[in-house]
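Working notes, structure below.
The values are calculated or read from the model by the stated rules, or taken from the named source; none is laboratory data. Computed from a prediction, not measured in an experiment: that's the story for all the values here. All Cβ positions, even for glycine, are placed from backbone atoms using ideal geometry, and neighbour counts span all protein chains on display. For accessibility, only protein heavy atoms count, side chains too; no ligands or nucleic acids. Shrake-Rupley method; radii C 1.70, N 1.55, O 1.52, S 1.80 Å.
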Amino acid sequence: MPIETKQNLSKIIRCFGHFTKIPYIFLLITFLSSCDAVKKVKDNELLLTKNTIIVDGQEINESGVYSQIIQEPNTPLFGIPVALHFYNLASEKTDSVYYAQLYKTPQKKRRLINIFSQKQVDEIVNYKVGFSNWLKNQGEAPVVVRNDRAERSKARIEEYYKSFGWLNAKASYEVINDTVKPKRASIVYTVDRQKPYFVDSIKVMIDSPVVDSIFKLSQRRSLVKSGEQYSRNNFANERDRVTILMRNSGLYNFNQEYISFIADTVNTGHKANIEYLIGDRNIQVGDTTIQQPFKIHTIAKTKVVTDYSYENRNKKYSDSIDFNGITLYGYDKIKYRPKTITDAIFINPGTIFKDTDRTLTYTHLSELRVFRYPNINYELNPADTTQTELITTILLSPRKKYGISFDVDASTSNIQEFGVGFSTSFLTRNVFKGAETLEISGRGSLGSSKDVADRDSRFFNISEIGGDIKLGIPRILFPLNTEKIIPKYMSPYTNISLGASSQKNIGLDKQTTNLIWNYKWNPSRMHTYRLDLMNIQYVRNLNTENYFNVYENSYDRLNDIALGTNASDSYFNIDENNNRIDLIIPDGTDNFLNDFNQNLIDGLDEDDEQNLRNINQQKDRLTENNLIFASNITWIRDSRKSVFDNQFSRIRLKLEFAGNLLAGMSSLAGIEKNNGNYEVFGVNFSQYIKLDSEYVRYWEVNKETHIALRLFGGFAMPYGNSNSIPFTRSYFAGGPNDNRGWLPFRLGPGASDRGDEFNEANLKLAANIEYRFTILGSFKGALFVDTGNIWNALDNVTDEKSTFESLSDLKDVAIGSGFGLRYDFGFFVLRGDLGFKTYNPARSEGNRWFKEYNFSNTTLNIGINYPF
């Protein structure tokens with residue numbers, strides 16, 4: 001379960017070139033705070049240091065009001081305008097000025113050229129100019145007070161309050177010079193809102209009978225209501241609501257321009273009497289505009305061109321198919337099953353015109369993954385004298401049937417100092433004429449690790465090779481009809497994948513085979529379901545006798561205990577004086593643990609026995625072959641509208657069952673148990689239930705800063721054929737995306753301090769919060785607090801320090817805190833987080849807070865993109 005961060009090799013190399021600047025930027029912050037902020041402010045100018053808004057005598061902090069101000073002070077970082085200071089470091093000299101300084105005299109020019117050459121002198125000048133430009137681009141020019149912009153800001157603030165009903169609001173501003181620091185000033189905006197206006201009477205006047213009928217059916221949902229404070233937003237939203245309503249009720253020619261509001265506020269006692277007007281349709285006839293009532297339009301015909309291209313536009317069709325009332329055309333023979341196309345089309349003949357049908361059609365045709373973005377056009381049916389029938393034409397441009405890719409990646413992880421990976425894939429579209437996609441891929445990697453047991457002089461000493469076959473089907477592939485449960489508007493999709501890999505890692509080489517059959521559908525924009533009908537994984541460990549060569553910490557603890565016992569000398573390496581040196585791997589270690597399990601070892605205290613149990617359990621879990629036959633369902637609610645949205649929430653729930661089908665079949669078939677467990681192909685299959693829950697929330701403080709929160713809880717309970725959870729399905733703590741005060745796998749379980757290389761358990765609780773801000777241009781910063789831990793619960797682990805038995809064990813929740821520096825490349829973020837152990841549950845009670853809160857015990861986590 002090592003966490004790996006991967007990116008294109010060339011990108012990573014470039015990234016670290018920028019990342020090495022971060023310590024210098026951090027040091028500059030301290031230096032810049034003592035610099036002169038008004039260095040580049042002219043004598044007749046004032047640096048803007050603060051904006052203040054006072055409303056009805058009270059200072060306010062509402063972001064909506066402050067967003068109306070055009071001029072904002074330079075961006076501060078902890079009260080220091082770092083970006084401004086950075087800008088001030090730049091030289092204003094041009095290349096001509098630099099040349100003039102270098103070539104003050106003919107003799108100096110000749111001397112420089114003789115020493116450096118003309119090309120090198122040019123490079124010196126280019127570097128100085130380029131560095132100054134870089135400083136300016138990363139920094140911020142001083143924001144000086146401008147009265148014209150203050151006037152515009154004042155007017156915008158007035159309009160802001162008028163839009164919310166304070167129609168007589170008046171604003172003013174005053175520039176206040178700083179009496180302590182020269183050439184600085186702040187601006188105070190003062191607002192007198194006066195008495196607000198409220199909506200009184202609403203008189204609706206609609207010209208078209210059809211529009212009137214539709215409007216009355218939804219009038220109770222109107223956003224403009226009598227008795228509420230006047231708000232322009234309500235009128236704008238009402239205009240949007242009615243336009244959407246009409247355009248989804250057959251009114252093809254309707255738009256917002258036909259809706260207007262007139263507010264009478266003259267001598268009304270701060271009340272607004274509203275005239276709500278919806279006019280007839282305007283039609284241009286020559287130079288004259290006439291009005292006609294709106295009509296409901298219906299779809300007379302839907303035509304689909306399955307192989308459109310600009311070059312083919314004037315050719316005649318050679319093939320056509322009528323299916324479910326929709327006609328498909330092709331310049332060549334149609335290569336798709338008609339149902340595949342028609343199932344993605346919601347614009348059906350005989351139905352009324354709806355914008356939502358067009359949007360659904362755009363979305364579903366794009367999700368077939370075999371066409372470029374479709375083009376949908378409407379035109380009046382020339383054979384219809386009523387001019388209420390529409391002909392829909394959908395132009396589909398196929399993507400290339402075959403695609404091939406080749407990628408090279410660089411990677412690093414907690415067990416791999418450096419690695420390079422290669423992957424290639426071959427993609428075929430429309431494999432069975434139903435818009436299916438078939439992808440065959442292969443991958444390989446080479447890595448270097450200092451943790452490899454029996455390592456030799458080779459730099460690349462770990463490797464992996466594997467391949468996958470993936471089939472994507474744009475519908476639910478199931479023996480029964482599921483359309484009533486998962487209708488086509490939910491974009492159902494089936495994915496079937498088969499993969500295998502062989503890994504030579506730090507010593508425990510393994511082979512893995514996966515078979516996954518899953519479904520995915522989206523009931524709405526925010527909601528997604530994924531159902532893994534089958535998620536089968538077989539893991540075969542190839543080099544289990546090498547376990548204690550790999551996990552040296554476990555070996556050292558085992559060896560220290562064994563040396564002082566009555567274990568046979570044959571288990572040990574013996575020196576020339578017939579003294580024990582250490583346990584022989586693997587025979588000595590295995591024989592000693594077998595003797596312990598049979599109660600044949602004397603001289604052990606309670607701590608020794610618990611340590612040996614822990615070592616044994618860890619060894620069994622990491623070396624056993626695993627057969628996991630699971631099914632799971634995941635539900636996601638994500639309110640994020642785009643990648644630029646920093647005000648959203650996301651909830652993820654996942655429920656997984658494993659082993660029930662195999663256990664039932666084994667019982668029905670009367671298969672005998674081996675040591676109390678059923679086996680399939682000689683392997684004990686896993687049986688458990690697992691629940692994961694995650695909540696993520698982002699708050700945007702302003703455009704440069706936001707707060708991110710994550711809560712996580714997960715529990716996997718073994719039962720039936722298992723008394724523990726497979727390593728690949730267990731939880732770990734620590735690392736760049738978890739509790740950053742600890743390295744991956746080094747935290748927990750509970751209050752234990754085993755020192756194992758890979759600590760894992762079956763219960764996890766975690767909470768993370770980050771305050772993210774801009775330091776300088778693309779350089780970002782963060783302050784964070786991470787909490788959480790892992791525990792063993794209801795499994796075969798008996799160590800009291802590791803198990804969660806009651807709520808009192810929450811005292812073992814670890815806390816890490818620290819700060820992070822990031823560089824945003826646009827397409828990804830390179831991240832370095834420095835974490836401190838704030839509360840360490842592995843220490844004795846009363847000695848856990850801030851005992852390792854220093855740089856000598858800090859943990860540096862390098863990651864790609866944000867942790868959550």
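Observations on the model:
- For L245, net neighbour charge (Lys/Arg +1, Asp/Glu -1) across residues whose Cβ lies under 13 Å away: +3
- Assigned charges on the beta-carbon of Lys, Arg, Asp, Glu; the chain dipole about Cα centre (debye): 4620
- The largest accessible area among K303, K801 belongs to the first residue in K801, K303, and the rest follow in falling order (1.4 Å probe, all chains).
- Q229-I581 FRET efficiency (beta carbon distance; Förster radius 60 Å; 0.05 resolution): 0.10
- For the range 482-555, the Kirkwood hydrodynamic radius comes to 15.5 Å, computed from all pairs of different C-alpha atoms.
- Crossing angle, helix 22-32 versus the chain [Cα axis fit, 0-90 degrees, rounded to tens]: 60
- Against the main long axis of the alpha-carbon atoms of the chain, helix 552-562 sits at an angle near 30°.
- Positive-pole candidate from V210, Y678, I725, dipole of the chain, charges at beta carbon: V210
- Value of Rg to Rh for the range 334-398 (Rh from inverse mean 1/r over Cα pairs, i.e. Kirkwood): 1.00
- Protection proxy ranking of 337-347, 575-585 - average other beta-carbon atoms within 10 Å, highest first: 337-347, 575-585
- Averaging the sequence gap over all C-alpha pairs within less than 8 Å and six or more residues apart, then dividing by the number of residues, gives the chain a relative contact order of 7 percent.
- Per residue, the average separation of C-alpha pairs within less than 8 Å and at least 6 apart gives the range 220-309 a relative contact order of 21 percent.
- Order by protection proxy (mean Cβ within 10 Å, highest first), peptides 855-866, 725-736: 725-736, 855-866
- Compared with the dominant principal axis of the Cα atoms in the chain, helix 9-19 is inclined by about 80°.
- Sequence of S320, S91 when ordered by accessible area, the most exposed leading, probe 1.4 angstrom: S320, S91
- Probe 1.4 Å - accessible area at L563, Å² to nearest ten: 60
- The equivalent ellipsoid that matches the C-alpha gyration tensor of the range 737-813 spans semi-axes of 31, 13, 8 angstrom, in descending order.
- Here D569 sits with roughly 80 square angstrom of accessible surface, probe radius 1.4 Å.
- Each peptide among 699-711, 765-777 gets the average number of other Cβ atoms lying within 10 Å of its residues, and from highest to lowest they stand as 765-777, 699-711.
- Take the Cα of N147, step 7 Å toward its Cβ, do the same at D602, and the gap between the two points is 10.2 nm.
- Distance between modelled label sites at V431 and W849, nm, 7 Å Cα→Cβ extension: 6.0
- Maximal additional length on extending the N857-Q58 stretch stands at 282.8 nm, based on 0.36 nm per residue less the C-alpha distance.
- Distance between the C-alpha centres of the range 467-527 and the range 723-756: 29 Å, rounded to the whole angstrom.
- For the range 633-775, the Kirkwood hydrodynamic radius comes to 18.1 Å, computed from all pairs of different C-alpha atoms.
- L542 versus N267: modelled label distance in nm, points set 7 Å from Cα along the beta carbon direction: 9.6
- Percent carbon-and-sulfur accessible area, the range 474-589, ignoring ligands, DNA and RNA, probe 1.4 Å: 51
- Probing with 1.4 Å while keeping every protein chain in the model, the per residue accessible area of the chain equals 52 Å².
- Only DSSP H runs of four or more residues enter the estimate; each adds -39500 (n - 2.57), and after division by the residues of the chain the mean residue ellipticity at 222 nm equals -6500 deg cm²/dmol.
- Model label zone, Q291; criterion: amide N under 16 Å from point 7 Å along Cα-to-beta-carbon; scope the range 206-225: 206-212
- Proximal charge balance of I206 [Cβ under 13 Å; K/R count +1, D/E count -1]: -1
- q = 0.18, 0.23 Å⁻¹, the range 507-549: log10 I(q)/I(0) [Debye, one scatterer per Cα]: -0.65, -0.78
- Prolate/oblate/rounded label for the range 806-868 (Cα gyration tensor, a/c 1.5): oblate
- R0 of 35 Å, Cβ-Cβ distance D560-K673: FRET efficiency to nearest 0.05: 0.40
- Dipole-positive endmost among L542, I815, L84 within the chain (Cβ charges, Cα centre): L84
- Share of carbon and sulfur in the accessible heavy-atom surface of the range 181-273 [1.4 Å probe, %]: 49
- If you take all other residues with their beta carbon under 9 Å from the beta carbon of S631, and give Lys and Arg +1 and Asp and Glu -1, the sum is -2.
- Rg/Rh for the range 534-689, where both radii come from Cα atoms and Rh is the Kirkwood radius: 1.17
- Taking all protein chains together, Y698, Y719 sort by accessible area into Y719, Y698, largest first [probe 1.4 Å].
- Carbon plus sulfur fraction of accessible area for the range 655-719, probe 1.4 Å, in percent: 59
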